[in-house]
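Participant: Before I ask anything, let me first share the structure, which is written out below as structure tokens.
The values are calculated or read from the model by the stated rules, or taken from the named source; none is laboratory data. The model shown is predicted, which means the values in this text are computed figures rather than measured ones. Cβ sites come from the backbone with ideal geometry, for glycine too, and all protein chains shown count toward neighbours. Note: accessible area is taken over every heavy atom of the protein model, side chains too, but ligands, DNA and RNA are not part of it. Shrake-Rupley method; radii C 1.70, N 1.55, O 1.52, S 1.80 Å.
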Amino acid sequence: MNSTLQFGHHIDAYREDMLRDLAALIAIPSVASEPEGNYPFGRESARALELALGIAEKMGLSTYNADYYAGHAEYGEGEEIAAVLAHVDVVPAGEGWDSDPFTLTQKGDLLFGRGTADDKGEAIAALYALKALKDAGVVGKRRLRVILGAGEEVGMDDLPHYFSKQPMPQYAFTPDAEYGICNREKGILRIRIEGPASSVVDDFQGGSVVNAVPDRANVILHCPLEQAKALSESSVPGRFEFSVTEKGLEIFSRGTAVHAMQPDKGFNAVSHAIQLLGSVFSKEELGGFLAFLNRFVGCETNGTSLGIACEDEPSGSLTCNLGLLHLNSEKGEACFDIRYPVTADSETIIQAFRSCAEKAGMKFTVMEHTPALYLPADSPFIHLLQNSYTAVTGKPCELYATGGGTYARAVCGRGVAFGPLFPDEPDRGLHNANEHIDINRYMEHARICLEAMYRMLTEEI
């Protein structure tokens with residue numbers, strides 16, 4: 001395969017049409033919500049999917065709607081299928097915008113709006129790449145699909161439903177990350193442990209979601225004055241506030257939230273609050289649940305004391321985040337988000353954690369397991385994408401790993417994350433206020449996307 005530009009520049013002719021249709025798609029506040037009739041992710045998410053598929057139909061492309069979970073636009077013929085995976089749902093707008101988040105607003109070369117970068121802009125670029133191939137009458141070796149999900153931001157249950165009705169592509173990429181190519185996504189385990197309550201702690205609440213480092217925790221307890229004084233004078237690191245209320249001594253622990261894939265970059269308010277309690281109270285006073293967390297979890301972020309620490313060269317170290325904790329007078333419950341290396345054995349990790357917990361009298365439950373993704377560097381499809389990137393940019397396309405999760409996992413080792421954001425781009429506000437794209441970098445991404453799709457359609461892989 002060569003890295004000479006073959007077809008990607010053809011997308012430039014569609015620039016104004018792309019921006020027009022992007023504006024229409026941005027105007028739909030497609031935040032996935034509770035099921036509503038035939039719409040599994042709510043009416044607005046369904047509207048966005050309908051609009052995108054309608055745009056494809058006007059282009060003369062064949063389309064399919066999988067019960068409003070996801071759908072596709074298709075060009076070409078053949079038994080094999082190659083695909084681009086994008087999504088039309090978005091996260092809530094939130095506060096702090098300088099313009100209407102659901103109106104595409106141009107300021108110089110920047111376009112603002114919820115979904116411009118994640119992932120409506122990429123959906124439009126991929127659809128117009130299909131149109132460019134169709135308009136030019138390109139004859140390929142397989143079918144090429146743009147598969148659009150409607151529930152990516154709320155658990156990615158959309159594509160499993162779609163693939164229960166449609167065949168899996170042989171090759172796929174999702175433009176929902178960064179350039180170069182993310183060919184390694186760590187496995188994700190969500191684990192819950194439950195155990196007995198404490199004799200001194202009446203209530204302990206911390207965290208809001210399992211996949212983020214908790215930035216706050218509240219503890220209510222009763223203890224003698226000397227122990228209360230010892231807590232307030234403890235050398236345990238943390239940002240603790242103490243107050244006496246009618247319920248007892250209240251401790252508020254402040255942390256720093258980050259994504260669970262890099263817990264060492266944050267400061268866990270729950271873990272440090274447990275460590276604070278453990279510096280004053282005995283194991284018997286803490287009770288089995290908190291004593292277990294203090295002994296076998298502590299403030300570690302790699303699972304060493306649980307016996308699950310491991311690492312590999314392709315993707316790095318296992319991470320372990322204590323994301324949620326709820327304790328009352330009856331029992332305690334904690335939930336963990338674990339990201340394990342791509343070559344690690346998930347069953348070994350599960351059994352090690354289970355054994356440690358059950359020996360201490362805890363109830364252990366695997367809540368969710370998403371296997372790792374690993375497409376080796378010498379795969380022909382990796383070379384195809386690298387050459388496409390180089391053909392447009394003139395630069396090499398590096399490989400990287402992540403602890404995060406993308407649609408690439410949905411195609412069972414046949415896909416990767418590829419674009420759309422370039423390594424030298426500033427923060428585009430994904431999931432934050434004032435989400436935006438630079439028109440020039442967006443069109444550069446569109447060229448890469450079309451170049452890759454042209455090669456996916458026409459080359460032996």
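Participant: Could you work out the helix-only [θ] at 222 nm for the chain, with each DSSP H run of four or more residues adding -39,500 (n - 2.57) and the total divided by the number of residues, to the nearest 500 deg cm²/dmol? Present the calculation step by step, with values, prior to reporting the outcome.
Facilitator: Numbers: 10 runs with 130 residues, N = 461.
Here the helix-only value at 222 nm equals -9000 deg cm²/dmol.
Participant: Please report, in debye to the nearest 20, how large the charge dipole of segment 1-58 is about its Cα centre when each Lys and Arg carries +1 at its beta carbon and each Asp and Glu carries -1 there.
Facilitator: Numbers: 5 positive and 9 negative charges, 16 e Å.
For this selection, approximately 80 debye.
Participant: Ranked highest first by the average count of other Cβ atoms within 10 Å around their residues, in what order do 219-225, 95-101 fall?
Facilitator: Working: 219-225: 16.6, 95-101: 13.6.
In decreasing order of mean packing, 219-225, 95-101 become 219-225, 95-101.
Participant: Right, something else. Using only the heavy atoms of the protein chains and a 1.4 Å probe, how would V244, V138 rank by accessible area, largest first? Walk me through the numbers before you get to the answer.
Facilitator: Working: V244 130, V138 20 Å².
The residues order as V244, V138, largest area first.
Participant: Something else now. Past 25 Å, Cα to Cα: identify those pairs from K134/K186; K107/K131; K107/K265; K247/K331; K283/K363; K141/K165, in the order given.
Facilitator: K134/K186; K107/K131; K107/K265
Participant: Among P169, G332, A197, pick out the residue whose Cα is farthest towards the positive end of the charge dipole of the chain, where Lys and Arg carry +1 and Asp and Glu carry -1 on C-beta, about the Cα centre.
Facilitator: P169
Participant: Per-residue counts of other Cβ atoms within 10 Å, averaged by peptide: what ranking do you get for 326-335, 181-190, highest first?
Facilitator: Values: 326-335: 17.2, 181-190: 24.4.
Averaged packing, sorted descending, gives the order 181-190, 326-335.
Participant: Once Lys and Arg get +1 and Asp and Glu get -1 on their Cβ, which of T103, G207, F242 lies farthest toward the positive end of the dipole of the chain?
Facilitator: G207
Participant: Select from P420, V297, V139 the residue farthest towards the positive end of the dipole of the chain; place +1 on Cβ of Lys and Arg, -1 on Cβ of Asp and Glu, and compute about the Cα centre.
Facilitator: V139
Participant: Net charge near R142, counting Lys/Arg +1 and Asp/Glu -1 over other residues with Cβ under 12 Å of its Cβ?
Facilitator: Details: positive: K141, R143, R145, R455; negative: E74, E77, E79, E80, E459, E460.
For residues surrounding R142, the net value is -2.
Participant: Pairs of Cα atoms under 8 Å, at least six residues apart: use those to get the relative contact order of the chain, whole percent. Can you show the working numbers first?
Facilitator: Values: 1107 pairs, mean separation 110.4, N = 461.
Relative contact order, the chain: 24 percent.
Participant: Using DSSP to call loops (not H, G, I, E or B), can you name the trypsin sites (Lys or Arg not before Pro) in segment 81-183 whose Cβ has at most 14 other Cβ atoms within 10 angstrom? Please report the intermediate quantities before stating the final value.
Facilitator: On the way: sites: K107, R114, K120, K131, K134, K141, R142, R143, R145, K165; in loops: R114, K141, R142, K165.
Of the trypsin sites (Lys or Arg not before Pro), the ones in loops of segment 81-183 whose Cβ has at most 14 other Cβ atoms within 10 Å are K165.
Participant: Express the carbon and sulfur contribution to the solvent-accessible surface of segment 378-461 as a percent, rounded to the nearest whole number, probe 1.4 angstrom.
Facilitator: Values: 1370 of 2860 Å².
Roughly 48 percent, rounded to a whole number.
Participant: Here's something else I'd like to know. How much area per residue is accessible in the chain when the probe is 1.4 Å and only protein heavy atoms are counted (Å²)? Walk me through the intermediate numbers first.
Facilitator: Details: 18480 Å² over 461 residues.
On a per-residue basis, the chain sits at 40 Å².
Participant: Next question, about the same structure. Hey, can you rank 440-450, 232-242, 6-16 by average C-beta count inside 10 Å, highest first?
Facilitator: On the way: 440-450: 22.5, 232-242: 13.3, 6-16: 17.3.
The most tightly packed comes first, giving 440-450, 6-16, 232-242.
Participant: In addition: Could you tally the net charge around S33, taking each other residue with its Cβ under 13 Å from the Cβ of S33, Lys/Arg +1 and Asp/Glu -1?
Facilitator: Working: positive: R43, R47; negative: E34, E36, E44, D89, E153.
My count for the surroundings of S33 gives -3.
Participant: I want the local charge near E185. Using Cβ-Cβ distances under 11 Å, sum +1 for each Lys or Arg and -1 for each Asp or Glu among the other residues.
Facilitator: On the way: positive: R184, K186, R339, R409; negative: none.
Local net charge: +4.
Participant: To the nearest 20 debye, what charge dipole does the chain have about its Cα centre, counting +1 at the Cβ of each Lys and Arg and -1 at the Cβ of each Asp and Glu?
Facilitator: On the way: 39 positive and 64 negative charges, 93 e Å.
Dipole of the chain, to the nearest 20 debye: 440 debye.
Participant: Rounded if a/c is under 1.5, else prolate if a/b is larger than b/c, else oblate: which is the chain, with a ≥ b ≥ c the root eigenvalues of its Cα gyration tensor?
Facilitator: Details: a/c = 2.40, a/b = 1.98, b/c = 1.21.
It comes out prolate by the Cα gyration axes.
Participant: Okay, moving on. Is there a quick way to get the dipole size of segment 247-298? I mean about its Cα centre, with the Cβ of Lys and Arg at +1 and of Asp and Glu at -1; what is the value in debye to the nearest 20?
Facilitator: I would put it at about 100 debye.
Participant: Next question. Return the long-range amide H neighbours of C223 (sequence gap of 5 or more, or a different chain), with a cut-off of under 5 Å between placed amide H atoms.
Facilitator: Distant-sequence amide H within range of C223: L249.
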